[in-house]
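Below is one structure; the comments refer to it alone.
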C-alpha cells in the first residue's frame, strides 16, 4: 500500500498505480548521491534477476543517512552499510571491513548451496509453482496460472541449449529482451492473452488488393529499399527534349522492375523489408501475386527471421534459395480495435515469439507487462541455475545464523564485520514479521533457536 500511495504522490500526471519497486524508483528525481546509487541498485536487480527489487530497497533504506567511504559503498549497501557505521566508529579500516565482507559473501553462498534444492526445468509443475512465487504479491495474482504459463512458454520458445540441440552454436542463451516481445492491445479480456507460435506486427500490407491470408507462405526478408537508386548528393538533370523526362521515368521503372523480377524468381508469397517500397514495386509485386510489408523495425525483422527460418538479405542481388523462410504455418492480417495487425503464426519450430496481452485499459496492460517481465526473468534464471532457495526470510535467517557461528572462528578484528553482516540479514524476516503484525523479537528468537537445533541435529547425524 505504501508503494501504491508513493506512486500517486511522485507521478501526479499521469498517475500510475504499481507496487513494482523499480518502476517507482526510476520516476523519482533525487540529488543525493547515495539515493542515486540505491536507484541504480534497484535497476540492476530488475535487469539481472527481474524480481526482488523491493527486497533490495528494504535492505537499503538506511543508506541515505550514512556518510561512508566510496570504496566501502561499492562493496555493500543498505542495512549492511548501516551496520558498518559502528565498525568505522571502532576505527576499523575500510580495507579490513571490505575483506571481511568478501569472506562473508563466500560463506553466504556456501550456506545457500547447502539449503537449496534442485529443480527439474523440464517438469512443468515444479517450474510453474516456482514462477508463481514471483507474482504472488503482484496485480496479476488473480490470473497467476495464466501468467505463469505465458512466462514459461515464452522462455522455453526463445531458449537455445547446445546440449539439447546440436545445431545451436555457442553457449546456452535465453534472450527474452530481443526475441520475446510483448504486444499490448487494449480491449478484450485478460484471459484472451496468449503466447503465439510466431510473430505479430502492428503493420498492414502496402497495397489494398494484395492477399491478406496465405497458408504456408514463402517469406523473403530484406534490409534494402525497393525503390530506384537516388543520388548520394545533390543531383541536377538537364532536359532538352520532352522525351527526356519520359525516358528518366522509364529508367526508374526499369530499375524497380529488375529488383522485383529478381525477387519473383524465388516464388515468394510475402516480402518484408525494413525500408520503403515504391508505387512501381507495389504494382509489380501485386501483379506477381506477392504481398508486401514495408518499414518494419530491425528488431522485429530479426525476430521474424528466427521464427520462420529466413535470412535477412541486404541486397536483392544476394538472394539465395536458402534465404527464403518456409517454416511459417499461416500469414494473415486482422483488425483489432482501430488498427491492423500482421500475424505470422503456427510456425514449425520458432526461436522467437510474441506475447499478445489483452486488457480493459492501457494502465492495466502496462502493469501486467511489468509483472509478466518479472515472471519471465525468474523462469530464465531457473534455466541457467536450476536450484530453489527457501523464501519467506528463511534463507536470510539461515545465513545470519551461519555467519554468527562462523564469526566465532574468525580471528582479529574481522570478526566484527562478520557479525555485522549476520545482523543485517535479519532485516528481511524482521520486516516480514512486522508487516504481518507479529512480535518481531519473539519470532526472530524462535527462528534462531530452531535453526540452531536443526543444525545440531544434522551434525549429529553426520
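Listed values, structure above:
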{"item": "Condition check for residue 443: free of Cβ contacts under 8 Å to residues at least 24 places away in the same chain and either under 30 Å from residue 181 (Cα atoms) or in a helix (DSSP H, G or I) (or both)", "result": "yes"}
{"item": "Enumeration of residues in region 354-363 that are crowded, with 21+ Cβ neighbours inside 10 Å and more than 16 Å from the chain's Cα centre (by Cα)", "result": "359"}
{"item": "Count of region 392-406 residues which are in contact with a helix residue (DSSP H, G or I) (Cβ under 6 Å, 6 or more places away or on another chain) and outside any helix (DSSP H, G or I)", "result": "1"}
{"item": "Residues (free of Cβ contacts under 8 Å to residues at least 40 places away in the same chain and more than 27 Å from residue 256 (Cα to Cα)) located in region 314-348", "result": "327, 334, 335, 338, 348"}
{"item": "Tally, over region 132-160, of residues that are touching a residue at least 12 places away in the same chain (Cβ under 8 Å), part of a loop (DSSP other than H, G, I, E, B) and out of contact with any helix residue (DSSP H, G or I) (no Cβ under 7 Å at 6 or more places or on another chain)", "result": "1"}
{"item": "Some residue of region 364-385 being more than 21 Å from the chain's Cα centre (by Cα) and part of a loop (DSSP other than H, G, I, E, B)", "result": "no"}
{"item": "Helices (runs of 4 or more DSSP H) fully within region 202-313 counting 3 or more residues that are under 19 Å from residue 354 (Cα atoms) and at pLDDT 90 or above", "result": "298-308"}
{"item": "Whichever residue in region 286-306 is in contact with a helix residue (DSSP H, G or I) (Cβ under 9 Å, 6 or more places away or on another chain) and within 18 Å of residue 328 (Cβ to Cβ) and, among such residues, is surrounded by the fewest Cβ atoms within 10 Å (Cβ to Cβ)", "result": "302"}
{"item": "Among residues of region 407-423, those that are part of a loop (DSSP other than H, G, I, E, B) and free of Cβ contacts under 8 Å to residues at least 40 places away in the same chain, counted", "result": "3"}
{"item": "Residue satisfying condition, being in a helix (DSSP H, G or I) and in the same structural domain as residue 417 (by TED's automatic domain parsing), within set 107, 125", "result": "107"}
{"item": "Residue among 343, 331 that is touching a strand residue (DSSP E or B) at 6+ places or on another chain (Cβ under 6 Å), under 23 Å from residue 176 (Cβ atoms) and surrounded by 19 or more Cβ atoms within 10 Å (Cβ to Cβ)", "result": "343"}
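The values are calculated or read from the model by the stated rules, or taken from the named source; none is laboratory data. All figures in this text were calculated on a predicted structure; none of them were measured in a lab. We place every Cβ from the backbone using ideal geometry, glycine too, and count neighbours over all the protein chains shown.
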